[in-house]
Amino acid sequence: MNPEIVEQLKAYDGRPLRIMEVCGTHTHEIFRQGIRSLLPEKIRLISGPGCPVCVTPVGYIDQAVALARRGVVICTFGDLIRVPGSEASLADARKEGAVIKMVYSPLDALEFAKANPDQDVVFLSVGFETTTPASCMAVRNAKNEAVRNFSILTANKTMDQAYYALRDSADAFLYPGHVSAITGTAIYRQLCADGISGVITGFTGPEIITALTVITKKCAEGKPFFVNAYPRVVTDEGSRPGRKLIHEIMEPIDSEWRGLGVIPRSGLALRSEYADFDARKKYNLENISGHANPACRCGDVLKGDCTPFDCPLFDRVCTPEHPVGACMVSNEGACSAFYTYGKEAQE
Ligand code: SF4
């Protein structure tokens, strides 16, 4: 890290600032690099809702478990398997005999479906702008190749509306570099015009420190700001092919976020032309509201209203081996980060 920039940050003596790192990868890197210990008291970092597994509501897990129990093969990224539903996780369903298959991409799930035409296969499609294009590609390929035994259960989300929902929780955001590589910078310019400030940054310690320093300087100017501090990856235009693919296959919908409730136009669902690949329609799945363990404070953690240390279950009942809430399951979750790097976090 550039010692000069670190010193500038340490010497910050302006008004108290709440800076929300929206991405779970940022949260972990901030801990791993010991960045919290470098910050003066006046700067408070808050972990936000940028971990896709963490913000996926309990009812979605319940729907996936219901499908698995009906004999559908569930293909999913590994983290989702251990997220508790209202009364069972996918791991529990697997113990009962359900087939839950871990994949690294929706295209792997599609290949599995093609290789096993006698089995119904559903891919659990969660994530933000970064991962959604791959789900869209799988659906488009499935349609083109007439793969009838493949569908996806969508819980895809977009970040821009979440910033509006969280605008009172932070003075500035650390915007995620990988999502921004797809979206481009137009959404941040609009956020800035609407009074919301932030800096796009990468994922190394020096990049994060630089972004924090930029935030302190810009906040001192007293007006909303946006800075792209990750120009080697994020261009103004972003990924036009990625956005075009999403737009072709999916459309915006109101979406429920764990802890944040329903945020208008913050989710994506398959367009009607692709209804045959929409697991909710294909299997007549009912909406399930779902209920988390009432003592779990994931919702408050995701809004920045408390830290994992404020949860009565943290490290007593809830651990990475026995997670009670989603934020302890995923590597990108705040509770997982606080658990892994707990001592420094507590200090
Ligand atoms: S420590 Fe566990 S129970 Fe508490 S908020 Fe985090 S995930 Fe939920």
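Please count how many residues of the stretch 216-244 are in contact (Cβ under 8 Å) with a residue 12 or more places away in the chain, closer than 27 Å to Arg44 by Cβ and charged (D, E, K, R).
Residues that pass the stated criteria total 1.
Only one of Ala275, Ala279 is within 15 Å of Ile152 (Cβ to Cβ) and open to solvent by 20 Å² or more (accessible area, probe 1.4 Å); which? Give the derivation first.
Details: Ala279 fails: open to solvent by 20 Å² or more (accessible area, probe 1.4 Å).
Answer to the check: Ala275.
Just need a number here: residues in the stretch 250-263 that are closer than 19 Å to Val22 by Cα, open to solvent by 60 Å² or more (accessible area, probe 1.4 Å) and touching a residue at least 12 places away in the same chain (Cβ under 8 Å).
Here is the first cut: in the stretch 250-263, the residues closer than 19 Å to Val22 by Cα are 255-263.
Then drop every residue that is not open to solvent by 60 Å² or more (accessible area, probe 1.4 Å), which leaves 256, 262.
Those left that are additionally touching a residue at least 12 places away in the same chain (Cβ under 8 Å): 256.
Result for the stretch 250-263: 1.
Scan (1) more than 22 Å from Gln161 (Cβ to Cβ); (2) free of Cβ contacts under 8 Å to residues at least 60 places away in the same chain for the single condition His247 breaks and write down its number.
(1)
When the stretch 13-50 is examined, which residues are found to be aliphatic (A, V, I, L, M) and under 16 Å from Thr307 (Cα atoms)? Before you say what the answer is, go through the steps one by one.
Initially, the stretch 13-50 is screened for residues aliphatic (A, V, I, L, M), giving 17, 19-20, 22, 30, 35, 38-39, 43, 45-46.
Ile19, Met20, Val22, Ile30, Ile43, Leu45, Ile46, listed by residue number.
Mind listing whichever residues of the stretch 310-322 are open to solvent by 60 Å² or more (accessible area, probe 1.4 Å), of a type outside the set (Asp, Glu) and either in a helix (DSSP H, G or I) or more than 8 Å from the ligand (Cβ to nearest atom) (or both)? Break it down into steps so the answer makes sense when it comes.
Residues of the stretch 310-322 open to solvent by 60 Å² or more (accessible area, probe 1.4 Å): 310, 312, 315-317, 321-322.
Then drop every residue that is not of a type outside the set (Asp, Glu), which leaves 312, 316-317, 322.
Residues satisfying the conditions are Arg316, His322.
Determine which member of the set Ile46, Ile19, Ile61 is open to solvent by less than 20 Å² (accessible area, probe 1.4 Å), assigned to a strand (DSSP E or B) and modelled with pLDDT of 95 or more.
Numbers: Ile46 fails: modelled with pLDDT of 95 or more; Ile61 fails: assigned to a strand (DSSP E or B).
Being open to solvent by less than 20 Å² (accessible area, probe 1.4 Å), assigned to a strand (DSSP E or B) and modelled with pLDDT of 95 or more holds for just one of Ile46, Ile19, Ile61, which is Ile19.
Could you please find all residues in the stretch 164-206 being of a type in the set (D, E, K, R) and either crowded, with 18+ Cβ neighbours inside 10 Å or touching a residue at least 24 places away in the same chain (Cβ under 8 Å) (or both)?
Initial filter on the stretch 164-206 (of a type in the set (D, E, K, R)): 167-168, 171, 189, 194.
Of everything in the stretch 164-206, those that are of a type in the set (D, E, K, R) and either crowded, with 18+ Cβ neighbours inside 10 Å or touching a residue at least 24 places away in the same chain (Cβ under 8 Å) (or both) turn out to be Arg167, Asp171, Arg189, Asp194.
Going by the conditions given, is Gly71 touching a residue at least 12 places away in the same chain (Cβ under 8 Å), open to solvent by less than 10 Å² (accessible area, probe 1.4 Å) and either part of a loop (DSSP other than H, G, I, E, B) or of a type in the set (Gly, Ala, Ser) (or both)? Steps first, answer last, please.
Working: touching a residue at least 12 places away in the same chain (Cβ under 8 Å): yes; open to solvent by less than 10 Å² (accessible area, probe 1.4 Å): no; either part of a loop (DSSP other than H, G, I, E, B) or of a type in the set (Gly, Ala, Ser) (or both): yes.
In short, no.
Let me confirm something: among Leu107, Leu80, which residue is touching a Leu at 6+ places or on another chain (Cβ under 7 Å) and open to solvent by less than 60 Å² (accessible area, probe 1.4 Å)? First the steps, then the outcome.
Numbers: Leu107 fails: touching a Leu at 6+ places or on another chain (Cβ under 7 Å).
The conditions single out Leu80.
Report, by residue number, each residue of the stretch 188-217 that is part of a loop (DSSP other than H, G, I, E, B), hydrophobic (A, V, I, L, M, F, W, C) and farther than 21 Å from Tyr164 by Cα.
Filtering the stretch 188-217 for residues part of a loop (DSSP other than H, G, I, E, B) gives 194-197, 202-204.
Next, from what is left, pick out any that are hydrophobic (A, V, I, L, M, F, W, C): 196, 203.
Within the stretch 188-217, Phe203 is the sole residue that qualifies.
Test of understanding: among Val121, Val103, which residue is under 25 Å from Asn287 (Cα atoms) and either free of Cβ contacts under 8 Å to residues at least 24 places away in the same chain or hydrophobic (A, V, I, L, M, F, W, C) (or both)?
Working: Val103 fails: under 25 Å from Asn287 (Cα atoms).
From the options Val121, Val103, the qualifying one is Val121.
Any idea which of Gly333, Gly325, Gly304 is more than 8 Å from the ligand (Cβ to nearest atom), touching a residue at least 60 places away in the same chain (Cβ under 8 Å), open to solvent by less than 30 Å² (accessible area, probe 1.4 Å) and small (Gly, Ala, Ser)?
On the way: Gly333 fails: more than 8 Å from the ligand (Cβ to nearest atom); Gly325 fails: more than 8 Å from the ligand (Cβ to nearest atom).
Step by step, each of Gly333, Gly325, Gly304 is checked, and only Gly304 is more than 8 Å from the ligand (Cβ to nearest atom), touching a residue at least 60 places away in the same chain (Cβ under 8 Å), open to solvent by less than 30 Å² (accessible area, probe 1.4 Å) and small (Gly, Ala, Ser).
Among the residues of the stretch 232-247, is any out of contact with any helix residue (DSSP H, G or I) (no Cβ under 7 Å at 6 or more places or on another chain), surrounded by 19 or more Cβ atoms within 10 Å (Cβ to Cβ) and of a type in the set (D, E, K, R)? First the steps, then the outcome.
Let us first name the residues in the stretch 232-247 that are out of contact with any helix residue (DSSP H, G or I) (no Cβ under 7 Å at 6 or more places or on another chain), namely 232, 235-237, 240-241, 244, 247.
This time we only want the ones that are surrounded by 19 or more Cβ atoms within 10 Å (Cβ to Cβ), so: none.
No: the stretch 232-247 contains no residue that is out of contact with any helix residue (DSSP H, G or I) (no Cβ under 7 Å at 6 or more places or on another chain), surrounded by 19 or more Cβ atoms within 10 Å (Cβ to Cβ) and of a type in the set (D, E, K, R).
Given the criteria of a type outside the set (Lys, Arg), within 28 Å of Asp79 (Cβ to Cβ) and not in a loop (DSSP other than H, G, I, E, B), does Glu29 qualify? Walk me through how you get there before you give the answer.
On the way: of a type outside the set (Lys, Arg): yes; within 28 Å of Asp79 (Cβ to Cβ): yes; not in a loop (DSSP other than H, G, I, E, B): yes.
In short, yes.
Answer with yes or no whether Ala155 is closer than 23 Å to Asp62 by Cα and open to solvent by 10 Å² or more (accessible area, probe 1.4 Å). Write out each step before concluding.
Numbers: closer than 23 Å to Asp62 by Cα: yes; open to solvent by 10 Å² or more (accessible area, probe 1.4 Å): yes.
Judged against the criteria, Ala155 is a match.
The values are calculated or read from the model by the stated rules, or taken from the named source; none is laboratory data. Computed from a predicted structure; not experimentally measured. Note that we place each Cβ from the backbone using ideal geometry, even for glycine, and neighbour counts take in every protein chain shown. With ligands, DNA and RNA removed, areas are computed over all heavy atoms of the protein, side chains included. Shrake-Rupley method; radii C 1.70, N 1.55, O 1.52, S 1.80 Å.
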